[in-house]
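Visitor: Below are the structure tokens for one structure; questions will follow.
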Amino acid sequence: MPPAQSQPHPLDEFASSCVRHPVSAKWTKFAEGVLPMWVADMDFPIAPAIAEALRERVSRSIGYAPEMGDTELVEALLEKHAPHLTLEHLRFLPSVVPGLYAAVAGLTSPGEAVITHTPVYPPFLSAIESQGRVARHAPLALGAQGWEMDWDALEAAVTPDARLLMLCSPQNPTGRVWTRAELERLADLVLRHRLWVVSDELHADLTFDGPFVPFASIDPEVAQRTVTLTGPGKAFNTSGVGVGLAYSDNAALMARLTAAAGGLMGHPSTLAYEIWKVALAQCGPWLEDTRAYLRGNRDALTGFLRERMPAVGYVPPQGTYLAWLDFRAYPWAADAQAHLLEHALVGLNEGKAFGPEGEGFARLNFATPRPLLLEGLERIASSL
Ligand SMILES: Cc1ncc(COP(=O)(O)O)c(C=O)c1O
């Protein structure tokens, strides 16, 4: 059971005027009256230090940033992720998703196969399929640790034409945080089959129960085969601003990504660099507090589901602020999102968007003030 909260937390307060912006995807997609619990934004105000730094930055001219970004930011990122690397090992991205596309374009050829665990964040699948590659799904399976890699399914997915593994770590939508043992076993498979890897670690700072293990840290040989993607968007709730980073121990892989992206990639905005720099330099306590609040939300969600909706399948996420809900016990499960939108007035993500393995599921975003989370859950429970 979640620990009882003695007094309200500042994040309990719903700053309606702050999140209900007319250009917020989350809050404008559904009709008035629907509680949106879908796209991965937080319903919390931006960290005060970021807001202050932006105000200061726009009080002067903006202009282009230097080609390699902001020196202080680069130094902070290298220190955080890979102190042994240099500039030729990194590339800033206009956001993380273009890095997924560039990895597919640069590390595989049309017609080749790309392996990914499913269900998965939808752009993984579109980056493969829209670029004329073949997606080989390795469905996750429920086991002792919740959602687990199915090793037989993975081995079966490694056909001779498979070149790349797209890893989502922590995993969206299940919220699994892979253990070192799992990543070591995956690394063994990668080395045996000489796969390239793109590891999307955008949610890495949002783990609740234990350490996060970067895939490239498993072994130097693995690091030579891996491109890692990261960004400030999820942990610091700055997604719409758009910025990301690709890095690899293997400078040749980075060169292939860069060449494949060509001039299409563009550059991140000067303001995005500012945000990321301030986030890393000053927002550690904000992140710690927000993560603790999210963990409390996760626990509240777990308690509510166990008590009030025991027929909804659910494994408490170990990271991210996303919950993967299994409605397959209900006759309307194939259209769970549409059903709950109509009958509970709650807007979730459709499970099938995460691959066919998501049929019967929906994804719920719990990065919202706890009273609002409980209201959403109450609406769902009443509609069942
Ligand atoms: C795993 C993962 N990668 C990438 C993204 C999107 O990143 P960006 O907005 O920086 O393109 C998301 C957004 O939810 C995500 O969950």
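Every number here is computed from the coordinates shown, using simple stated rules; none is lab data. Because the structure is predicted, anything quoted here is derived from the model rather than measured. Glycine also receives a Cβ, built like all others from the backbone with ideal geometry; neighbour counts cover every protein chain displayed.
Visitor: Could you compute the FRET efficiency for ARG185 and ALA31, with r as their C-beta to C-beta distance and R0 at 51 Å, rounded to 0.05?
Guide: That pair, ARG185 with ALA31, gives E of 0.65.
Visitor: Taking every DSSP beta bridge with both residues inside the chain, roughly what % is antiparallel (nearest 5)?
Guide: 50 percent
Visitor: Tell me which of PRO110, THR86, TYR64 sits at the most positive position along the dipole axis of the stretch 54-115, charges placed on C-beta atoms (Lys, Arg +1; Asp, Glu -1).
Guide: The Cα lying farthest towards the positive end belongs to TYR64.
Visitor: Can you give the charge dipole size of the stretch 245-307 about its Cα centre, rounded to the nearest 20 debye, using +1 on the beta carbon of Lys and Arg and -1 on the beta carbon of Asp and Glu?
Guide: 140 debye
Visitor: At what distance in nm do the modelled label points of LEU264 and SER59 sit from each other, each positioned 7 Å from its Cα along Cα→Cβ?
Guide: In this crude label model, LEU264 to SER59 measures out at 4.2 nm.
Visitor: So, one more: To the nearest 0.05, how large is the calculated FRET efficiency for ALA51 and GLU221 if R₀ is 45 Å and r is the Cβ-Cβ distance?
Guide: E between ALA51 and GLU221, to the nearest 0.05, is 0.55.
Visitor: Can you tell me the relative contact order of the stretch 47-173? Whole percent, Cα pairs under 8 Å, sequence separation 6 or more.
Guide: Reported as a whole number, the value is 22 percent.
Visitor: Which value, in debye to the nearest 20, gives the size of the charge dipole of the chain about its Cα centre, when Lys and Arg are +1 and Asp and Glu are -1 at the Cβ?
Guide: Using only the charged Cβ atoms, the result is roughly 360 debye.
Visitor: Please report, in whole Å, how far the alpha carbons of the stretch 84-124 spread along each principal axis, starting with the longest.
Guide: 33, 22, 20
Visitor: In terms of the ratio Rg/(2.2 N^0.38 Å) built on C-alpha atoms, what value belongs to the stretch 10-155?
Guide: In units of the globular-protein estimate, the stretch 10-155 measures up at 1.41.
Visitor: Placing +1 at every Lys and Arg Cβ and -1 at every Asp and Glu Cβ, with all other atoms neutral, what dipole size does the stretch 193-294 have around its Cα centre, in debye to the nearest 20?
Guide: Its charge dipole is roughly 340 debye.
Visitor: Quick one: length gained pulling ALA156 to ALA329 fully straight, 0.36 nm per residue minus the C-alpha distance?
Guide: This chain segment gains 59.4 nm when fully extended.
Visitor: What does the convex hull of the alpha-carbon atoms of the stretch 272-359 project to on average, in nm²?
Guide: Its average projected convex-hull area is 7.7 nm².
Visitor: Here is a further query. Explain nothing, just the number: relative contact order of the chain, from Cα pairs under 8 Å at least 6 residues apart, as a whole percent.
Guide: Reported relative contact order: 23 percent.
Visitor: Now for a separate question. In the structure displayed, which of LYS26/LYS277; LYS29/LYS80; LYS234/LYS352; LYS29/LYS277 lie more than 29 Å apart, Cα to Cα?
Guide: LYS29/LYS80; LYS29/LYS277
Visitor: Right, here's the next one. Please give the direction-averaged projected area of the C-alpha convex hull for the stretch 1-96, in square nanometres with one decimal.
Guide: 10.9 nm²
Visitor: Now, a different point. Per 5 Å bin from zero, what fraction in whole % of the C-alpha pairs of the stretch 82-193 is there, up to the bin with the longest pair?
Guide: The percentages, shortest bin first, are 2, 11, 20, 22, 21, 15, 8, 2, 0.
Visitor: Ignoring everything except DSSP H segments at least 4 long, calculate the 222 nm mean residue ellipticity for the chain; use -39,500 (n - 2.57) per segment, divide by total residues, nearest 500.
Guide: Computed ellipticity for the chain at 222 nm equals -11500 deg cm²/dmol.
Visitor: Using C-alpha positions alone, give me the convex hull volume of the chain per residue in cubic angstrom.
Guide: 141 Å³
Visitor: Then there's this: Students often check this: by mean Cβ neighbours within 10 Å, which of 348-359, 144-155 ranks highest, and how do the rest follow?
Guide: Most protected by this proxy first, the peptides run 348-359, 144-155.
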